[in-house]
């Protein structure tokens, strides 16, 4: 009986954690934080698939969803120009005027 309650509690915590991670990843304005939350979402989702005894899907989610996609998103984030709010408006061009 205690094992069943513990299993239900773990499933409930995983479900709430998935919902929270998804909400935070979609609502955060910081791109780096959104990518990290997306990777964490993929890892927790892999745990959920493992709890559902879908080990093949869990491994694929961990490798593709969290691993490859997360690395590609981080690589794309590095290539972005800095946003306007982080020092770009205070930089001066060659004539001395502020940009």
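Per residue, how big is the convex hull around the C-alpha atoms of region 26-81? Give it to me in cubic angstrom, could you? In region 26-81, the Cα hull volume divided by residue count equals 56 Å³. Working from Cα pairs under 8 Å separated by at least six residues, relative contact order for region 26-81 is 38 percent. Inverting the pair-averaged 1/r between distinct Cα atoms of region 1-51 gives 11.7 Å as its Kirkwood hydrodynamic radius. Extension gain for the segment residue 73 to residue 32, taken as residue separation times 0.36 nm less the Cα-Cα distance, is 13.9 nm to one decimal. The modelled label-to-label distance for the pair residue 8/residue 47, using points 7 Å beyond Cα in the direction of Cβ, is 2.0 nm.
A simple spin-label model places the labels of residue 23 and residue 54 2.4 nm from each other, with each point 7 Å out along Cα-to-Cβ.
Every read-out reported here was derived from the displayed coordinates using simple, explicitly stated rules and does not represent laboratory data. These numbers were taken from a predicted model, which means no experiment stands behind them. All Cβ positions, glycine included, derive from the backbone under ideal geometry; neighbour counts span all protein chains shown.
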